[in-house]
Amino acid sequence: MDEITTAVDGPALTITINRPAKRNALTTAMYRELATALRDHRDVRVVVLTGTGGVFSAGNDLGDFVGDFKADDAVRQFQEAVLDTTAVLVAAVDGPAVGIGATLLLHCDLVYATERSYLQFPFVNLGVVPEFGSSLLLAQRVGRQRAAELLLFGDRLPATTAQELGLVNEVLVNVEELHTRVKDRVSTLLAKPARSLQETRALLHNTIHPHDQLERESVVFGELLDDPDTKARIEAMRR
């Protein structure tokens with residue numbers, strides 16, 4: 001059984017973590033497969049990340065990582081692949097998202113989850129520190145005090161509360177409704193102008209100085225105004 005599966009549907013890629021017997025805990029090999037999946041499909045416009053068996057991911061497979069320093073290279077490959085992608089990242093979360101399963105969501109553009117889902121950042125409880133930039137990103141998203149509470153205590157964060165904090169876009173009743181909603185949202189995204197979608201996502205992920213950001217927005221805005229598709233859409237709206 002493949003522990004990481006991929007399915008391509010036109011300009012959309014679905015990557016599924018498929019190790020339900022181990023609660024979709026990620027091994028060194030799985031990290032490499034995830035990185036390869038992202039890098040081998042650079043032309044897609046949307047990537048959906050999901051898990052099987054009622055679990056998004058339990059995080060690192062600790063048995064695979066303890067004493068294996070090579071694992072860090074595999075994790076870094078995956079993290080860099082996530083940071084390098086130009087596709088819109090959509091997470092379809094059903095069940096626990098723990099450790100890197102939770103910090104990965106901070107890098108996703110859209111996160112949809114079922115009612116039974118929760119996020120958990122158990123790093124301090126394991127005697128380690130947060131990873132994947134989560135000590136910065138979480139504080140930016142929810143504020144320093146709330147981030148400290150989540151990271152220092154490592155308690156479960158229910159999907160409904162995560163939605164209130166802005167970490168989840170929408171909470172669905174069950175997994176069937178989750179996948180129906182995600183499919184609909186992906187279809188809507190793919191109907192948008194491809195370059196505009198890509199550039200807007202890039203601007204959202206840009207962490208440079210605000211003044212530089214304004215300049216970047218202005219440059220891209222001007223470039224898109226010269227795009228034939230943009231001109232056609234503007235002209236159609238003027239009629």
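The values are calculated or read from the model by the stated rules, or taken from the named source; none is laboratory data. Since this is a predicted model, take the numbers as computed values, not measurements. We place every Cβ from the backbone using ideal geometry, glycine too, and count neighbours over all the protein chains shown.
Checked against (1) assigned to a helix (DSSP H, G or I); (2) of a type outside the set (Phe, Trp, Tyr); (3) at pLDDT below 75, Thr207 passes all but condition (1). Confirm whether Val186 is touching a residue at least 24 places away in the same chain (Cβ under 8 Å), within 18 Å of the chain's Cα centre (by Cα) and assigned to a loop (DSSP other than H, G, I, E, B). When the stated conditions are applied, Val186 does not pass them. Being under 15 Å from Val124 (Cα atoms) and part of a helix (DSSP H, G or I) is the filter here, so list the residues in the range 140-169 that pass it. Correct list: Ala147, Ala148, Glu149, Leu150, Leu151, Leu152, Phe153. For Leu137, the conditions (1) in a helix (DSSP H, G or I); (2) at pLDDT 90 or above are fulfilled apart from (2). Here Leu104 clears all of (1) in contact with a helix residue (DSSP H, G or I) (Cβ under 6 Å, 6 or more places away or on another chain); (2) of a type in the set (A, V, I, L, M, F, W, C); (3) crowded, with 24+ Cβ neighbours inside 10 Å except the condition numbered (1).
Taking into account only those residues within the range 122-146 that are among the aliphatic types (A, V, I, L, M), under 19 Å from the mean Cα position of the chain (by Cα) and within 20 Å of Val82 (Cβ to Cβ), which is surrounded by the most Cβ atoms within 10 Å (Cβ to Cβ)? This residue is Leu138. When the range 1-37 is filtered for residues that are among the aliphatic types (A, V, I, L, M), surrounded by 14 or more Cβ atoms within 10 Å (Cβ to Cβ) and either farther than 26 Å from Ala191 by Cβ or in contact with a Phe, Trp or Tyr (Cβ under 8 Å, 6 or more places away or on another chain) (or both), the ones remaining, listed by number, are Ile4, Ile17, Ala25, Leu26, Ala29, Met30, Leu34, Ala35.
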